[in-house]
Amino acid sequence: MSQAPERTNLGHYALVVVLALLATGPVYIMLMTSFKNQVDMFSRVPLWIFAPTLDNYSVVLFDKKFDRYLFNSLFVAIISTLITLALAGSAAYAIARKDFWGRGLVSYGNLMIRMVPPAVIAVPVFALWSRWGFSGRFEELWGLTLFYTALNLPFAIWLLFSFVKQIPEDLEEAAIVDGATPFQVFRLVIFPLMKSGYAVAAIFTFRIAWNEFLLALFLTGRKARTLPVAIQGFLTDEGVEWGRIMAMGTLIVIPSLVITFFAARQIITGLTTGAVKG
Amino acid sequence: MKSLRAALSEGLIAYAFLAPALLILVIGLVYPLFTTVQMSFLDYQMGTPWESREWVGIRWFEKLWSDPNVWKSFWVTLRYGFWVVLIEMIVGTGLALALERAIRGASFFRTALIMPLMVSPIVVGLIWRYLFDARTGMINHYLGAWFGIDPVPWLADPHIALTSLIITDVWQWTPFIFIIVLAGLQAIPKEVIEASTIDGANWWQMTFLVKLPMIKSVLIVALLMRIVDVYKVVEVVFILTEGGPGLETELLALHVYKTAFLSQNLGYASAISMLLLAIVTVLSLFVLSFSNPMKTKSDF
Amino acid sequence: MNHFTKSAGQAAAAALGALALLATSAVADPYQKYRGTEIVVSWPSLAHFQIAEELIPEFTAQTGIRVETDPLQYGKLRDKQLLEMGKPQGDYDVVAWVVFWKTEYVQKGLLTPLSEMFANPALVDPAYDIADITPAYLENGGKVGGPQGYLAGPSAGLYGIPFSAQTTMMAYRKDLLEKHDLAVPTTYEELLAASRLVHEKEGIGGLTGRAQSGHQANDFFLTHYGPTGGVILDDNYRPVLNNPDAVRTVEMLTEFVKVGPPGMTAYGYGDMVNSFVQGDAAFYLDASKIRKTVEDESKSRVAGMVGYALHPTINGNCGSGTGGFAMGIPGNSQNKEAAFLFIQWMTNKATDRKLAEMGGDPIRTSTMNDPELQATFEDYPVLVEQLKCARADWRPLIPEFPEIDAQIIGISVSEAITGQKSAQQALDEANAKIEALLTEKGYYAWQ
C-alpha cells in the first residue's frame, strides 16, 4: 500500500486536526462552562482562561436529588443492557444458524422493527402505562426497562448476528458429534467466541438506555426520574441556568466519554459490523 | 437432505432460542404499535379512564388529510431528513476518501471523532442551544469579532432555524458515516488497488470507478442506518426550537408529542404517528430493496 | 354527577368525624392527627416556589407533616399532573396549576372541591381570612363553573387558592431613560418610540419578550392585546380573533421584534428574563415578579438601575391581565386533609407576608398594602395600582385553551412576527382553526 502514488502531506494532517477540534470542541466548551461562575459566564467576550469553580457541581450534586436520578439511570441502563444481551445472543444464534419456518420473516421483521421511532410508541405506551398500572418507583423503573430492552433488541440481534456468522460451523458440528445438546453447543462453543460481540453490543445498548429521554420524560414520576429528564429541569422559568446545565451535562456524558476512551475499538467494530463484514 | 423429524426438532430448538427475545419484542414494541393503530380510531384523552374512550372511525385520518399543520410538518420532516442524510453521506464519504491514508495509525483521531456519537442527544441539544444563542452564544461572538457579521438569530429566524438543526445533526452523525466508509475502504483487497494503479488509473478513476463501486453495499447500509435514525430525532429540536419559528422546524415526531400532550388528543397523535411510521417504512424498504444486510442464503 | 354526591357525602362524614373529635377531647393542637403524614407537592421551578420551599421546614416543625416537593419547568408540569391524577392512586397530594388548566382538571373530575375542606371546622383556621385574598386572583386561579364556565358566578365552585399569582407590569432601565432624556412610557406609542430610540442609540434591544413558537408567542401576543380590551372568544364562544385590534397588535409586535434583543423570536420566559437582567434590553413588560431576579446580583447586571411602572395603555385602556398559579388537591390524593392544611398554611396572612419579604409574589390585599413592604419594595405601589384594573377574563380559561394557546394562536403569531405570513392572514387562519376545534368539542350545541 505504501508505494501508492498519493502522498500524505501536511494539508491532510491539518485537516485531520481541524476535524478533531470540530468534533470535540462543543464537548470541551460544555466542560469548560461547567466550571465557570455566574460572572464569567455573563462575560461578553468568551473567556478561555478563568478561575474554575465547583459551585455548579455542588448545586447539582447536593441540592437536586442527584443520587436518586443517578441510581435510576444506572438501574434502567444496566438491567436493560443485561437482559438485552442475554436475549439477543440466543436469538441471533437461532437466526444465523438454525433452519426454521419463518426465519426470513423474523430476520426481516427484526430489521423493520428497528425503524420504529420512539415517538411512535411513546403515545400508546403512555396510555398502556396507566392501564397496566405502573406506579411507584420500582414498578416504573421495571416498566422503563421493559421498553428500553424492546427498543434495543433489534439492533443487538442484528449486531450479534454478524458475529455468529463469523464463527466457523465446523466447531459446532464437532461438538454435536461429541454429543452436546443444542443448548450446550450455544453455551460452551458459541458463547465464549462471541465475547467481543457482547462487549460491542453492551456499549451500544447501554448508550441508548442511558441517554434515552422521550419515554422517560413521559412515563416516569418523581421517584423514577432519570438523569436526561432531570437535566432539562434546569431550563427553568427563572432564566436558563447554563452553569448547572453544563455541570449536569458533563456528569451525564462521563460514562460515555470513559467508554469512548477505553473502548474506541469496540465502538468502531460495532459501527462497522453489519456494514462491512455482514 | 434432512429428515422431516430432524427439521422439526431443529425448528423447535430455534424457537426456544428465539422465544424470550420475541416475547419482549411483542410486549414492548409490537403490542404498543398495535395499540397505536387501535388508538388512531379512538377519541381518548389523557387523565381520563380508558373506559371513557370512544370509537370515532376514520375521523382522525380525515382531519389529518386536511390539516395544513400536519402537512407542513411532513414536509419539514422530509426536508430535514433529506439534507441531513445527503450532507452526512457526501461529507463523511469525502473525508474518508481524502483521509484514508493520513489517519492510519492516528487512533487518537478516531477517538476524537466518535465522541459526538456517544453524547446523549439531550445534552447535544443543550450544548448547541448555548452555542447558537443569538445574544451570548460563542458562534455569534466569533462571527462578529473575526468577520464583523451582525448577530445571526440562529434559532429565531424562519429561514435559518432548520439549517441550525441540520448543522447540529451533521456535527453529531457525520463521523458515523466517516468511520463506516473508512472501514469499507480499508477492506478493499490491496491487489485491486495495485492492479488499477498499474493500469494507469488516475485519482478520479480510482475513486469513482474502483473504490466507490466496491464499497457499494457498505454505503447502502450506512444510508439505511441514517435514514432509520434521522427520523427518531426529537430531543434536539425539543431543546433547540420547540418547532418554531411558526412550524418551520416542527418535525413529525415533535408534532406527535405536541398533539398528544398539549392538545391532549391521543387518538389524533396516534394517527399522525402512523404517518411518520409510513415515511420511515417506505424509505427503508426502498433502500432495503437494494440489499438486505441480514439476508442468509436460504431465506425465502 | 356521581362524583359530586359521593364527595359531598365524604365531606359530610369527615365533618361529622371531626365534630365528634372536637366534642370528646379539647383539641389544643389541630395538627395532632396528621403528625408523621407525608405529602407530595407538584409545583413549578419558579422563584416564588423556590422561596416557598425554604419555608417548608418551618411548616413541618409546626405541623409534623412532612413535605416532598417535585419542582418542574412549568411547561412540563401538566403532563405529569394529568398522568398522576388519572391513576386510581396518584403520587401527588397538592398540585399547583397554571390558571388555564383549572377548567380541564375540573371537567375531567380530577380535583377535590375545596368546599369539602372548608366545611370541616377541624381543618379551617379561624384566622384564615379568605376575603383578604385579592378577588381577581381568587377568581382567576380557583373558581370554576360560573356562567362562563371558567370564572366566578352563582354556579361556581372553589377548587384552588392562588399561589404565585401575578398581573403584568413594566420594568425599565432608569439609567437609559435618563441618559436619553426619555419619559417613562405610559402608552404603547411611547413605548415603541422609546424602544426604537434605545435600539438605535445604544445598540441594545428595546422591549424584550418571549416569542418562541407556541405557548410563549401566544402569551406575548395576549399580554399586549389585553390593553385593547379585546377577547379571543365572544359570549357565545365564537372566536373573534381576526378583528382589527388584534391585527394591529400583531403588526405592532412585529415592530417591537425588529428593535428587540437578537433572537427574541426564539425566547422562552427564562431567555427573556436573561436578556433584561443582563442588560440587553431596556424594557420588560410581563409577569409582575421580575424584581427578585433584577436585584439578585449573582444573576443580574442591572441591579439598582431598574424602575417599575404601570402596564402602558392603548387608547387610555388599562389592561393588565391576571395569571400565574393556584394550588389545589387532586381527587385521588390519599392525604387530602394534610394537603389542605399545607395549602392553608402557605397562603395564610403570616406566610404570605413572609414570602413577600423574601421576594415572593403576594396574593393578599393586606400584604400588598402593608406600609413597610410598600416602602421597601419599589414595585409594590405599582402592583397595588395595577391590580385595580387587572382583568380576570383576558383569556378564555376553557379546557381547550392549552391547545388554542400552544398549537393554534401561538403558531400563527410566531409565523406573523417572523414575517412568514401577514398578521391578517395568520389571525384569520387561527380564528378558523379555533372555530373548528370548538365545533368538534360541541361548544355550539345550543346555538
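Values quoted throughout were computed directly from the atomic coordinates according to the rules given, and no laboratory measurement underlies them. What you see is a predicted model; the values in this text were computed from it and never measured. Note that each Cβ is placed from the backbone with ideal geometry, even for glycine, and that neighbours are counted across all protein chains shown.
So how compact is chain C: Cα radius of gyration and Dmax in angstrom?
Taking only Cα atoms of chain C, I get Rg and Dmax of 22.5, 76 Å.
Using the basic label-point model (7 angstrom from Cα toward the beta carbon), what is the A:Thr24 to C:Gln424 distance in nanometres?
Those two pseudo-labels are separated by 5.9 nm.
Counting Lys and Arg as +1 and Asp and Glu as -1, what is the net charge of the other residues whose Cβ lies under 13 Å from the Cβ of A:Asp170?
-3
Can you tell me which of C:297-304, C:109-116 comes out highest on packing, and rank the rest after it, using the mean Cβ neighbours within 10 Å?
Per-residue Cβ counts within 10 Å, averaged per peptide and sorted highest first, yield C:109-116, C:297-304.
Sum up the charges of everything whose Cβ sits under 10 Å from the Cβ of B:Trp173, counting Lys and Arg as +1 and Asp and Glu as -1, but leave B:Trp173 out.
-2
I'd like the Karplus ³J(HN,Hα) series for region C:93-107: coefficients 6.51, -1.76, 1.60, θ = phi - 60°, whole numbers in Hz, and an x wherever there's a Gly or Pro.
9, 9, 10, 9, 10, 5, 3, 7, 9, 4, 5, 4, 4, 5, 4
Quick one: how many lysine pairs in chain B have C-alpha atoms under 29 angstrom apart, if they're 8 or more apart or on different chains?
For chain B, the number of qualifying lysine pairs is 18.
Name the residue farthest towards the positive end of the dipole of the protein assembly as shown from the options C:Pro244, A:Ile83, A:Leu151, assuming +1 on Cβ of Lys and Arg, -1 on Cβ of Asp and Glu, about the Cα centre.
A:Ile83
Explain nothing, just compute: Karplus ³J(HN,Hα) = 6.51 cos²θ - 1.76 cosθ + 1.60, θ = phi - 60°, for every residue of region C:347-352 in order, whole Hz, x for Gly and Pro.
With coefficients 6.51, -1.76 and 1.60, one gets 10, 6, 4, 5, 5, 4 Hz.
As a test, work out the antiparallel percent of DSSP beta bridges whose residues both lie in the protein assembly as shown, rounded to the nearest 5. Mind dumping the intermediate values first?
Working: 27 of 40 bridges.
Here the antiparallel bridges make up roughly 70 percent for the protein assembly as shown.
Out of A:Thr84, A:Thr33, A:Thr53, any idea which swings most in a Gaussian network model of chain A, alpha carbons joined below 10 Å?
Greatest mean-square fluctuation among the candidates belongs to A:Thr53.
Can you pull the three principal axis extents for the Cα set of region C:82-199, in Å, largest first?
Reported extents, whole Å, longest axis first: 60, 35, 30.
May I ask you to give the average projected area over all directions of the convex hull of the Cα atoms of region C:286-361, in nm² rounded to one decimal? Let's see the in-between values first.
Values: hull surface 32.8 nm².
With every direction weighted equally, the projected area is 8.2 nm².
Would you list, by chain and number, the aspartates and glutamates whose Cα falls below 13 Å from the Cα of C:Lys336, excluding same-chain residues fewer than 8 positions away?
C:Glu38, C:Asp91, C:Asp93, C:Glu116
Residue by residue, what Karplus-based ³J(HN,Hα) values in Hz, rounded to whole numbers, does region C:281-291 have, using 6.51, -1.76 and 1.60 with θ = phi - 60° and x for Gly and Pro?
8, 8, 10, 10, 9, 7, 3, 7, 9, 7, 4
Could you sort the peptides C:34-42, B:230-238, A:89-97 by per-residue average Cβ neighbour count (10 Å cutoff), highest mean leading? Before the final figure, lay out the partial values.
Numbers: C:34-42: 18.8, B:230-238: 23.9, A:89-97: 25.6.
Per-residue Cβ counts within 10 Å, averaged per peptide and sorted highest first, yield A:89-97, B:230-238, C:34-42.
For chain B, modelled as a Gaussian network with Cα springs under 10 Å, which listed residue fluctuates most, B:Trp203, B:Trp128, B:Trp173?
Between B:Trp203, B:Trp128, B:Trp173, it is B:Trp203 that shows the largest mean-square fluctuation.
Mind checking which of B:Val56, B:Val26, B:Val70 has the largest fluctuation in a GNM of chain B, springs on alpha carbons under 10 Å?
B:Val26
Just the C-alpha atoms of region B:68-288: what Rg/Rh do they give, with Rh taken as the Kirkwood radius?
Result: Rg/Rh = 1.04.
So how much slack lies between A:Asp170 and A:Leu188, counting 0.36 nm per residue of separation and subtracting their Cα-Cα distance, in nm?
5.1 nm
So for the pair C:Ala127, B:Tyr142, with labels modelled 7 Å out along Cα→Cβ, what separation do we get in nm?
It works out to 6.1 nm between the two label points.
Per residue of B:177-184, count partner chain C-beta atoms within 10 Å of its C-beta, then hand back the mean as an integer.
Numbers: counts 1, 3, 5, 7, 3, 3, 8, 3.
Shielding by partners across B:177-184 averages 4.
Once you average over the residues of C:289-299, how many Cβ atoms of partner chains fall within 10 Å of each Cβ?
Mean partner shielding for this stretch: 2.
Would you kindly calculate the mean projected area, averaged across all directions, of the convex hull enclosing the Cα atoms of region B:140-194, in square nanometres?
Values: hull surface 25.4 nm².
Averaged projected hull area, Cα only: 6.3 nm².
Normalised by the number of residues in region C:315-401, what is the relative contact order in percent for Cα pairs under 8 Å and 6+ residues apart?
Values: 53 pairs, mean separation 33.3, N = 87.
In percent, rounded to a whole number, it is 38.
Could you estimate the translational diffusion coefficient of chain A from the Stokes-Einstein equation, with Rh from the Kirkwood formula over C-alpha pairs, at 20 °C and 1.002 mPa s, in whole µm²/s?
The diffusion coefficient I find is 98 µm²/s.
Over all residues in C:82-88, what is the mean tally of Cβ atoms on other chains that come within 10 Å of each residue's Cβ?
Average neighbour count from other chains, rounded to a whole number: 6.
Show me the ranking of peptides B:242-253, B:191-202, C:268-279, B:5-16 by mean Cβ neighbours inside 10 Å, starting with the highest.
The most tightly packed comes first, giving B:242-253, C:268-279, B:5-16, B:191-202.
Distance check, please: which entries in A:Lys223/C:Lys349; C:Lys33/C:Lys108; C:Lys174/C:Lys292 exceed 22 angstrom between their Cα atoms?
Distance filter (> 22 Å) returns A:Lys223/C:Lys349; C:Lys33/C:Lys108.
Taking the Cβ of A:Ala119 as the centre, find all other residues whose Cβ is under 14 Å away and add up their charges (Lys, Arg: +1; Asp, Glu: -1).
-2
With +1 on each Lys and Arg Cβ and -1 on each Asp and Glu Cβ, how big is the dipole of the protein assembly as shown about its Cα centre, in debye rounded to the nearest 20?
Details: 78 positive and 92 negative charges, 634 e Å.
Charge dipole, the protein assembly as shown, about its Cα centre: 3040 debye, nearest 20.
Run through every distinct alpha carbon pair of the protein assembly as shown and return the Kirkwood hydrodynamic radius in angstroms, one decimal place.
Every distinct Cα pair counted, the radius reaches 30.8 Å.
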